[in-house]
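A quick write-up on the structure given underneath.
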Amino acid sequence: EAGVTQSPTHLIKTRGQQVTLRCSPISGHTSVYWYQQALGLGLQFLLWYDEGEERNRGNFPPRFSGRQFPNYSSELNVNALALEDSALYLCASSLGTASINEQFFGPGTRLTVL
Amino acid sequence: TQLLEQSPQFLSIQEGENLTVYCNSSSVFSSLQWYRQEPGEGPVLLVTVVTGGEVKKLKRLTFQFGDARKDSSLHITAAQPGDTGLYLCAGGIFAGGTSYGKLTFGQGTILTVHP
């Protein structure tokens, strides 16, 4: 069974630019989560999508947004990139809201903002 | 705001030694997951515990969920260099038949096992 996949693996952008990261969940999983792992800050929850709807949002500015498609894949968009957005962006998937919420992570996208 | 405090932050031991990593909170969690992460990769789920007092074993790794579901521990017996990595605990909330979605992560424990 294929795991969570993310693309691209690495990305270099400059301040002010916009970026889109992509995630495909494990087959059968309807929930997708996005986390940011910046150096020294641990994993911080960004967004949760389930059945195409945004269910919960972490303490991040509105320039972090995303969506979930009918096939349950997801995109994370970051506008007006800042230096502090440099981090590993991790996507995870789970079976959905009526479960104990075991989350399985993808390999991440390393974003560097110059 | 729920917080998970993990300790120690760093562990450097010799092959064959035993170790324990702790994960503590003042909040009650419905589930507690332990992950292991290699540099530049995503966390890999090791175990999920959901019942207070639950103990799960995975080869040389023993995981325990506290009776009050506020704390957890990971014990590794006879550590090997292959155990080297970042260990993360994460707590989830599930209430009223619905998951609250986000996992709250501890800051992690960087384990180095020397041959």
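The values are calculated or read from the model by the stated rules, or taken from the named source; none is laboratory data. The shown structure was predicted, so the numbers you read here are calculated from the model rather than taken from an experiment. All accessible areas refer to the heavy atoms of the entire protein, side chains included, with ligands and DNA or RNA removed. Shrake-Rupley method; radii C 1.70, N 1.55, O 1.52, S 1.80 Å.
Looking at chain A only, what percent of DSSP beta bridges run antiparallel? Nearest 5 please. Intermediate values should be presented prior to the final figure.
Working: 37 of 41 bridges.
Approximately 90 percent, going by the DSSP bridge assignments.
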Quiz prompt | the protein assembly as shown: antiparallel DSSP beta bridges as a percent of all, rounded to 5 | solution = 90
Quiz item: Can you give the Kirkwood hydrodynamic radius for the protein assembly as shown, in Å, rounded to one decimal and based on Cα pairs?
Solution: 18.1
Practice problem: Using amide H atoms built 1.01 Å from N in the peptide plane, name the residues 5+ places from A:Leu47, or on other chains, whose amide H lies under 5 Å from its own. | Solution: A:Trp34, A:Gly58
Practice problem: Would you please give the residues with an amide H less than 5 Å from that of B:Thr84, counting only those at least 5 places away or on a separate chain, with H modeled from the backbone geometry? | Solution: B:Val113
Practice problem: Keeping all protein chains in place, calculate the accessible area per residue for the range B:5-107 (probe 1.4 angstrom), answer in Å². | Solution: 46
Quiz item: Residue-wise, which Karplus ³J(HN,Hα) couplings in Hz belong to the range B:5-10, taking 6.51 cos²θ - 1.76 cosθ + 1.60, θ = phi - 60°, and x for glycine or proline?
Solution: 9, 10, 8, x, 6, 10
Practice problem: Among the aspartates and glutamates, select those whose C-alpha is under 19 Å from the C-alpha of B:Lys102, and discard any that sit fewer than 8 residues away in the same chain. | Solution: A:Asp50, A:Glu51, A:Glu53, A:Glu54, A:Glu75, A:Glu102, B:Glu5, B:Asp71
Quiz item: Per the Debye formula with a single identical scatterer at each Cα and no solvent contribution, what log10 I(q)/I(0) holds for chain A at q = 0.21, 0.23 Å⁻¹?
Solution: -1.13, -1.33
Quiz item: With θ set to phi - 60° and the Karplus curve 6.51 cos²θ - 1.76 cosθ + 1.60, what are the ³J(HN,Hα) couplings of the range B:25-30 in order, to the nearest whole Hz, using x for Gly and Pro?
Solution: 8, 8, 9, 8, 10, 7
Quiz item: In whole percent, how big is the carbon plus sulfur part of the accessible area of the protein assembly as shown, probe 1.4 Å, protein atoms only?
Solution: 51
